[in-house]
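Input: a single structure, listed below in structure tokens.
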Amino acid sequence: MKVSDFDFDLPNDRIALRPVSPRDSARLLVVRPGDSLEDRIVRDLPDLLRPGDALVFNDTRVIPARLSGVRDRDGLTVAVEATLHKREGPDRWSAFMKPGKRLKAGDRVRFGQGSDAACLTGRLDATVVGKSDDGLVTLAFDLSGPVLDDAIREAGVMPLPPYIAAQRPEDDRDRSDYQTVFAREDGSVAAPTAGLHFTPELLERLAARGVSTHAVTLHVGAGTFLPVKVEDTADHRMHAETGEVSAETAQALNAVRAGGGRIVCVGTTSLRLLESAADEDGTVRPWRGDTAIFITPGYRFRAADLLMTNFHLPKSTLFMLVSAFSGLDTMRAAYAHAIETGYRFYSYGDGSLLFRAA
């Protein structure tokens, strides 16, 4: 399919720069293919689900993965910025870097310092050990393991999406706003944003309704922010992300399905991970590794029955995914309604509850 098939016009004032408070007061557009759209709020979710259904959350935790520093070479220093993408080892991360084209293997990078060599936070040094065709740079840090994690937390800032960062700087509120109540496992550079709508009170009401909750882990990489640069979806390649579905979660979800319940993925990240772990018949297997699954219209879903997700960028892989899930014409109409009626878009915006097309 053509990437242009997934384009639409979005007024700039529809981009949410802050989340609503409380989180579960966000609007929720219910999309049932072949039926009328329904305007609700996230707090209504227990009324929209059935006893026996299962919510699947991504329990990844966002790290302050944007690092500023300088590159040293032959006595000359140049200011650089790295957005960490994926951990490759105890001391290694792949990253997108600005400027990146002139970096080469052997370059030393000192994070936590400005171009005038003044220390900003703490010393965090790395060596460029590789570059790939997809724009990623591999950094070998002088520190390793938990010590490196602590240094990144001290030197880094929260990697707000470009469409927010272009309109305001990151601040202390984002340290909590850009984190879900499920966050447990450090490793993401972007939040699984559908999870941002949940509160302890909403989770209590869902449990009282008989809806179970289950966790998977997919560490979201910086590639989620990158635009699709090809004209045909068949030519696009996703960046790999690391995830895990535990044996306990797999067993529980298979039992839900066997009992007639539905699997409701909270966010495209949990859906992509479950689809990576599922057999052709929909059986979810324990799974751990990298996934680069790219879902476009024509994909046959195996595990997910419903999807709760935010509103996504035009021509993005995520809008392609929701179009595959509920139908392209259905999602075009849903997004047109959302824009016309004032829904807030993107990471800090409102949500949608999508039913799967036949």
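Quick check on my filter: what residues within region 111-156 are in a strand (DSSP E or B), surrounded by fewer than 18 Cβ atoms within 10 Å (Cβ to Cβ) and at pLDDT below 90?
C119, L120, T121, G122, R123
Determine whether region 82-101 contains at least one residue that is surrounded by fewer than 15 Cβ atoms within 10 Å (Cβ to Cβ) and aliphatic (A, V, I, L, M). Talk me through it step by step, then tell me what you get.
Let us first name the residues in region 82-101 that are surrounded by fewer than 15 Cβ atoms within 10 Å (Cβ to Cβ), namely 89-90, 98-99, 101.
Filter once more, keeping what is aliphatic (A, V, I, L, M): none.
There is no residue in region 82-101 that is surrounded by fewer than 15 Cβ atoms within 10 Å (Cβ to Cβ) and aliphatic (A, V, I, L, M).
Quick check on my filter: what residues within region 218-248 are out of contact with any helix residue (DSSP H, G or I) (no Cβ under 8 Å at 6 or more places or on another chain), closer than 15 Å to N58 by Cα and touching a residue at least 60 places away in the same chain (Cβ under 8 Å)?
H219, G221, T242, listed by residue number.
Please find, within region 211-238, the residue that is most open to solvent (accessible area, probe 1.4 Å) out of those that are modelled with pLDDT of 95 or more and in contact with a Leu (Cβ under 9 Å, 6 or more places away or on another chain).
T213
Being among the charged types (D, E, K, R), more than 23 Å from D44 (Cα to Cα) and in contact (Cβ under 8 Å) with a residue 12 or more places away in the chain narrows it down to one of R356, R288, R300, so name that one.
Going through R356, R288, R300 in turn, just one is among the charged types (D, E, K, R), more than 23 Å from D44 (Cα to Cα) and in contact (Cβ under 8 Å) with a residue 12 or more places away in the chain: R288.
Please enumerate the residues belonging to region 38-64 that are outside any strand (DSSP E or B) and basic (K, R).
The answer is R43, R50.
Suppose we filter region 203-226 for residues that are closer than 18 Å to T193 by Cβ and within 20 Å of the chain's Cα centre (by Cα); how many remain?
Residues in region 203-226 being closer than 18 Å to T193 by Cβ and within 20 Å of the chain's Cα centre (by Cα): 13 in total.
Give me a count of the residues in region 184-197 that are of a type in the set (V, I, T) and either assigned to a helix (DSSP H, G or I) or modelled with pLDDT of 95 or more (or both). Reasoning before the result, please.
Here is the first cut: in region 184-197, the ones of a type in the set (V, I, T) are 189, 193.
Filter once more, keeping what is either assigned to a helix (DSSP H, G or I) or modelled with pLDDT of 95 or more (or both): 193.
Final tally of qualifying residues: 1.
Restricting the search to region 278-312, which residues are among the hydrophobic types (A, V, I, L, M, F, W, C) and under 18 Å from the mean Cα position of the chain (by Cα)?
Answer for region 278-312, where residues must be among the hydrophobic types (A, V, I, L, M, F, W, C) and under 18 Å from the mean Cα position of the chain (by Cα): A292, I293, F294, I295, A304, L306, L307, M308, F311.
Hey, can you tell me all the residues within region 193-204 that are open to solvent by less than 30 Å² (accessible area, probe 1.4 Å) and over 16 Å from A16 (Cβ atoms)?
Those that are open to solvent by less than 30 Å² (accessible area, probe 1.4 Å) and over 16 Å from A16 (Cβ atoms): F198, T199, L202.
Which residue is most open to solvent (accessible area, probe 1.4 Å), if the candidates are limited to region 275-304 and must be aliphatic (A, V, I, L, M) and closer than 17 Å to H236 by Cα?
A292
The values are calculated or read from the model by the stated rules, or taken from the named source; none is laboratory data. As the structure is a computational prediction, the values presented were derived from the model and not from experiment. All Cβ positions, even for glycine, are placed from backbone atoms using ideal geometry, and neighbour counts span all protein chains on display. Side chains are part of the model used for accessible areas, which takes the heavy atoms of the whole protein and leaves out ligands, DNA and RNA. Shrake-Rupley method; radii C 1.70, N 1.55, O 1.52, S 1.80 Å.
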